[in-house]
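Below is one structure; the comments refer to it alone.
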Amino acid sequence: MIDIFLSKIEAIINRILFLDPDTLADLETLTDKVFYMFPGHENFHFRKTHNGNVDVKVRGTSSNMFLYWLSAKKSGTSSEGEMEIIGDIALVQHFQSILKKIKFNWEEYLSHRIGDTLAYKMANIFRDSVKFIKKSKRSLEFEVSEYFHNENGLLPEQSEVDAYINQIDNLRNDIDRLETKISKLNSVSLTDK
C-alpha cells in the first residue's frame, strides 16, 4: 500500500520537475545525497528504507514537511515546528533554497491539456477564489477580534495590555530599589553594632 502511495507521489513530483527544468538542474547538485527523500539523476525516488549512509535525517509528518516548505516559500524563513533535522545543515539549507525557487506555471500546464482559453478562465477563477478566501479570512479575524474586544469585553485592547506590562515593570523596578535600600540599611545597622 505504501509503495503505491510513494510511487504516485514520485510520479507527481517528477511531472512538476519536468515542467521546471531550472529546479531540476539545481537538484542535480544533490545527487547521491540521502535525505528523507532524495533525487536521482533526473527524478525523485521515495523509499521506505535505505541501506547506507544518510546525509540528513528528517523526522516529522508529511504535513509538517509541507507546512515547513510553504512557510519558507512565503516568508523566506521557516520554523521547524514538529520536525527534527539531524545531519548536514548546510545541505538542508541548500535543499531549502532550491525548494524556494520552484516556479510551476499551472496555467501553462493546463493550457497544454485543455486549451488556452479554458486554462485562462480556470486560472482566473482560482485566483479570484484565493483572493476571496484571503479577504474572508481577514474579515473574519477582524470581526472576531472586535467581538471579543468591544462587545464581549473578554480581551483587553493592546493599549491596556501595554499599560499593564508597564505597571508590572515599574513595580519590579520599585521592588529592586526597595531591596537595595533594605540591604544598605542592614549593612549600616550591622556595622553600628
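The charge dipole of region 106-192, taken about the Cα centre with unit charges on the Cβ atoms of Lys, Arg (+1) and Asp, Glu (-1), comes to about 460 debye, rounded to the nearest 20. Computed extension length for residue 130-residue 169: 9.7 nm, one decimal, from 0.36 nm per residue of separation with the Cα-Cα distance subtracted.
In this structure, residue 147 and residue 116 have a Cβ-Cβ separation that, at R0 = 45 Å, corresponds to a calculated FRET efficiency of about 0.45.
Figure legend: label point modelled 7 angstrom from the Cα of residue 123 along Cα→Cβ; residues of region 92-108 with amide N under 16 Å from it are 103-108. Cross-link pairs exceeding 23 Å in C-alpha to C-alpha distance, out of 33/57; 33/100; 103/137; 33/101; 8/131, comprise 103/137; 8/131. A simple spin-label model places pseudo-atoms 7 Å from Cα toward Cβ; at residue 157 and residue 180 they are separated by 3.5 nm.
Modelled spin labels at residue 97 and residue 8, positioned 7 Å past Cα toward Cβ, are 3.5 nm from each other. Each Lys or Arg adds one and each Asp or Glu subtracts one; over the other residues with Cβ under 15 Å from the Cβ of residue 121, this totals -2.
Read-outs throughout are calculated quantities, based only on the coordinates presented, and are distinct from any laboratory measurement. As the structure is a prediction and not an experimental result, all values here were calculated from the model. We place every Cβ from the backbone using ideal geometry, glycine too, and count neighbours over all the protein chains shown.
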